[in-house]
Every structure is written in C-alpha cells, then in structure tokens.
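Below you'll find the structure, written out as structure tokens, and then a few comments.
The values are calculated or read from the model by the stated rules, or taken from the named source; none is laboratory data. The model shown is predicted, which means the values in this text are computed figures rather than measured ones. For neighbour counting, all protein chains shown are included, and Cβ atoms are generated from backbone atoms with ideal geometry for every residue, glycine included.
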Amino acid sequence: MTHARAQFVPVSRLPRISLPALAGSSLVLVTLALTLIFFVVPNDANQGFSQRIFYFHVSIAITAYACFAWGAWKALRHLWKHDPRADLESYVAVHQGLIFGTLVLATGSIWAKISWGHWWLWSEDQLVLFLVLFLFYAAYFMLRFSVDPGPQQANFSAVYALFGVVLIPVSFAAIRLAKNLIHPVVFTLHGPNFGGWILVTYCVAQAAMLVFAYTLYRVELAGKRLDARLRELRLA
Amino acid sequence: MTYVADVGALARKDLLLELRARDTLPAMLLFVVSVFVVFHFTLPAHSSDLAASGLLWVAILFTALLGLGRAFVAEREQRVLDGLVLAPCDRSAIWLAKGIATLAFLVAAEIVALPVFALFFHGVSAATVGGIALADVGICGVGTFLGAMAVATRARDLLLPLLFLPLAIPIVVGGVGASTAASPGRYLGFLVLYDALFCVLCWASFEYVVTE
C-alpha cells in the first residue's frame, strides 16, 4: 500500500503506480463489489433488500475519513517539513473528502428514510457528525479561496485542515454525549457483528471505494499540477 | 519569564486601548441585551425554561463572535501585526495575549448579561456558570486564532463566523449539557478536554498564521 509506505519513504521517491493501472484496478474492484452487493450477498433478515445500501454508506464514510486524515497528514508535512508538494496534495485530499462526505450525507439520509421513516434524524450520530464536518470543510474552501495563492494560503489551509482531525473525535464525543443511540452498531469491540459473505462483500466494497478515491485523488492532482505548470509557462 | 512578561505587556495594551476607546465592550453589552429581548419574543408563550437555557448559549456565542470580529481590527488597520511579528518575542504570545484580552471582554459582558438573563427568564445554576466559564476559554482561544486568520483574508468579517461556528458546536453541546443535565459533571469534563486540546493546537500553530 502506498499510503503505509509514505511514512518511511520520502514522498519524492515514492514509487508511483501509473494512473491507467490505478484506474483499471479501481474499475475491476468496483465491478466486483457491485456484483457481490447486488447478486451474491443474501437479503438482510430485518431490512430486506434496502440493507445493501450499508455497503455503500459505510465504505464511503470510511473513505471520507481516510481522505480527511490524508489531507491532515499532508498539511502536517507542509508545516513541519516544508514539503513543496504537500499543500496541493492536502487540498486535493480534503476536496475528495468533502465529495465523499456529501455522498455519506446522501446515502445516510436515504437509509434513514427507509429504515426509520425520516430523511433526517438528529439522533443518528454519524449523520450529524458528517453534517458538522461538511460545514467545517466547506468553510475550509471559503478560507482557502479568500486568500491569494502563496505561502499564506498554504499555511492557513494546512492549519485549518489540522483543526479538522482534532474536530472529528471531539465532535464525535460531543454528539455521543448529546443524544440517545439508535444507529445500528455494526462494529463493536468484539470485532465485526457479522460474518461470511457479508464480511467479504463489505471488505471488497471498502477496498473498491478506497482505490476509487485514490484514483480520483491522483487524477485531480495530475490536473491541478498541469494547470499550475501551464500558468508558470504562460508567465515565463 | 520573558514569555509571561511579553504576554502581559501585549494583553495590557489591548485592555488599555479598550479602556480609552471603548469600541468593543459597550457594543457587546448592548448586543447581548438586545438578543435577550428578541429571544423573549421568539419563544412561544409558556415555553419551557429549557428552551431559554439553550438560547442563552446562542446569545453567548454570537456576543463572543461580535467581540472576536473586532479583536484584530486595530492590528489590521495600523499594520501593528507586522511590527509584532518582527518583535523578538515568541509568536504564540501574540495569540495568548489577544485571547486573554478577548476573554476579559467576554467575561465582563457576561457579568452583566447573566443577571439580565436571570431577570428576564429564570435563575442561573452554578453548573451553568461553570460551563460558561469553561466555554469562554475555548471560545476565546479558538476564536482569537481564527480571527487572526480571517482578518488576513479578503472576506474578513464574513469569514470568521463560517470558520468558527462548526468548531463551536462541541462547545455548545458541552455548555447546554452542563446547564440542563441532571448531572453536569461529564459535560464540564468534556469542556475541559475541548479547551485543553484546542488551546494546545492554537498555541502550537499560531506561528504559521502570522508568518509566511
């Protein structure tokens, strides 16, 4: 995994998987996950067919967290090591995180409507947490685009992205404190609360979503770098 | 010890400025009392005391935002921040001193606002006062930090509430819990945790806000 190795290898020397290979593997994984979700895994005893949205909702949520964490890690690298590439990487990761976060709100809302009959439930803590995060990271974009590009923009964005990773657990604790629990707890301290095909399907869906997000991240990064290079050439 | 002396000198400067110009505090006082009057008319007749307790926190948050929005105006207009960054003191002292000064204004506003709230709505419990005191530290710490960022952007005053309110949601949860729950202990503990985490983060990263 590239993510795990990034801690030990300087980013500039990181062996990069080529974009076409990445896109191909994410296509294969997403197809496999969709097949498993719609044709292999059995219907849920309580919620029936609609429970299948779980594989999307949870894997998208974990992917959004991963994006925010990756963005914060890059922000830390920018502030700490003055890595010149880290600012753009942090921004792109947060951007992807916000997109996946919006999808979490959408899928969670649909699931809540099917399971509990309401589009929005304040007692559903993950959904409320993602709303807080959505507001927070939307403000990140407001902040970033009201500062002129340059070192100040990079510093402000990095510091605010770091606030985000502290805000996630703090908000989570706050929301837990504030409410009564009706969210289905699928993962407990004793391991996942399911087995067999459900576990396999979930793992494949999670892997597919992570690889897909990483592909999008790399595509956007490549595009943004090209833009920046073009601007430099135009100015030169 | 020079760090403490630096913080003291900077905070004294802000308090003296306020004492002479009287820009912020009267505005905060008038605002918070006006908000209470508005709340009286927004609450339906015979609504519970709990609703008023919740609205108290809205009033505190927006009053604090009013003060925080003004915090770095003098530094911006007179370009004092450039001088402060060049001064041979730790940059985090600028944040700490500004936070202490803003905290003083907010506490002063609340010393008037809480009796007014008790007069208009209902009495204030000791746990509520404790919650407000702890929340003030978090509000001023995080708010001052974000105020320093917002003032350097094009959007300025527009940006501070947008940056601040998502970060203030945990404060509101802890504060409302402390003023309405039967056992406020864990809510107060949560506020202490919030203050500690975010103040350390602000203190450690303020340097990157004022330098390039």
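With B:GLY130, B:GLY185, B:GLY123 as the choices, which residue is touching a Pro at 6+ places or on another chain (Cβ under 8 Å), surrounded by fewer than 23 Cβ atoms within 10 Å (Cβ to Cβ) and over 18 Å from A:VAL159 (Cβ atoms)?
From the options B:GLY130, B:GLY185, B:GLY123, the qualifying one is B:GLY130.
When you scan the stretch A:106-141, how many residues do you find that are surrounded by fewer than 16 Cβ atoms within 10 Å (Cβ to Cβ) and among the aliphatic types (A, V, I, L, M)?
Matching residues across the stretch A:106-141 total 5.
May I ask you to list the residues in the stretch A:39-57 that are of a type in the set (A, V, I, L, M, F, W, C), exposed (fewer than 12 other Cβ atoms within 10 Å of the Cβ) and closer than 18 Å to A:ILE110 by Cβ?
A:PHE49
Look at the stretch A:143-161 and say how many of its residues are in a helix (DSSP H, G or I) and aromatic (Phe, Trp, Tyr).
2
Please determine whether any residue of the stretch B:189-199 is within 11 Å of another protein chain (Cβ to nearest Cβ), surrounded by 22 or more Cβ atoms within 10 Å (Cβ to Cβ) and over 30 Å from A:PHE145 (Cα atoms).
Yes: the stretch B:189-199 contains one or more residues that are within 11 Å of another protein chain (Cβ to nearest Cβ), surrounded by 22 or more Cβ atoms within 10 Å (Cβ to Cβ) and over 30 Å from A:PHE145 (Cα atoms).
A quick yes/no check of all residues on (1) within 14 Å of chain B (Cβ to nearest Cβ); (2) surrounded by 13 or more Cβ atoms within 10 Å (Cβ to Cβ); (3) under 30 Å from B:PHE145 (Cα atoms); (4) modelled with pLDDT of 95 or more:
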position: A:PRO149; (1), (2), (3), (4): yes, no, yes, no
position: A:VAL165; (1), (2), (3), (4): yes, yes, yes, no
position: A:ILE175; (1), (2), (3), (4): yes, yes, yes, no
position: A:LEU181; (1), (2), (3), (4): no, no, no, no
position: A:VAL186; (1), (2), (3), (4): no, no, no, no
position: A:CYS203; (1), (2), (3), (4): no, yes, no, no
position: A:GLY223; (1), (2), (3), (4): no, no, no, no
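For the stretch A:66-88, which positions are within 15 Å of the chain's Cα centre (by Cα) and either surrounded by fewer than 24 Cβ atoms within 10 Å (Cβ to Cβ) or not in a helix (DSSP H, G or I) (or both)?
Passing the criteria: A:ALA66, A:ALA69, A:TRP70, A:ALA72, A:TRP73.
If we scan the stretch B:77-88, do we find a residue that is among the aliphatic types (A, V, I, L, M), closer than 23 Å to B:ASP136 by Cβ, in contact with a helix residue (DSSP H, G or I) (Cβ under 7 Å, 6 or more places away or on another chain) and in a helix (DSSP H, G or I)?
no
Kindly establish whether A:PHE156 is under 26 Å from B:ALA178 (Cα atoms), at the interface with chain B (Cβ under 9 Å from one of its Cβ atoms) and touching a Leu at 6+ places or on another chain (Cβ under 9 Å).
no
Quick one: which of A:THR63, A:THR31 is of a type in the set (Ser, Thr, Tyr), under 23 Å from the mean Cα position of the chain (by Cα) and either more than 30 Å from A:ALA138 (Cα to Cα) or not in a helix (DSSP H, G or I) (or both)?
Only one candidate passes the filter, namely A:THR31.
Yes or no, residue by residue, for (1) in contact (Cβ under 8 Å) with a residue 40 or more places away in the chain; (2) in a helix (DSSP H, G or I); (3) more than 8 Å from chain B (Cβ to nearest Cβ); (4) hydroxyl-bearing (Ser, Thr, Tyr):
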{"position": "A:SER109", "(1), (2), (3), (4)": "no, yes, yes, yes"}
{"position": "A:ILE114", "(1), (2), (3), (4)": "yes, yes, yes, no"}
{"position": "A:LEU121", "(1), (2), (3), (4)": "yes, no, yes, no"}
{"position": "A:PHE136", "(1), (2), (3), (4)": "no, yes, no, no"}
{"position": "A:PHE141", "(1), (2), (3), (4)": "yes, yes, yes, no"}
{"position": "A:ILE168", "(1), (2), (3), (4)": "yes, yes, yes, no"}
{"position": "A:SER171", "(1), (2), (3), (4)": "yes, yes, no, yes"}
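Taking B:LEU160, is it free of Cβ contacts under 8 Å to residues at least 12 places away in the same chain and within 20 Å of B:GLY99 (Cβ to Cβ)?
Taking the combined requirement at face value, the residue does not satisfy it.
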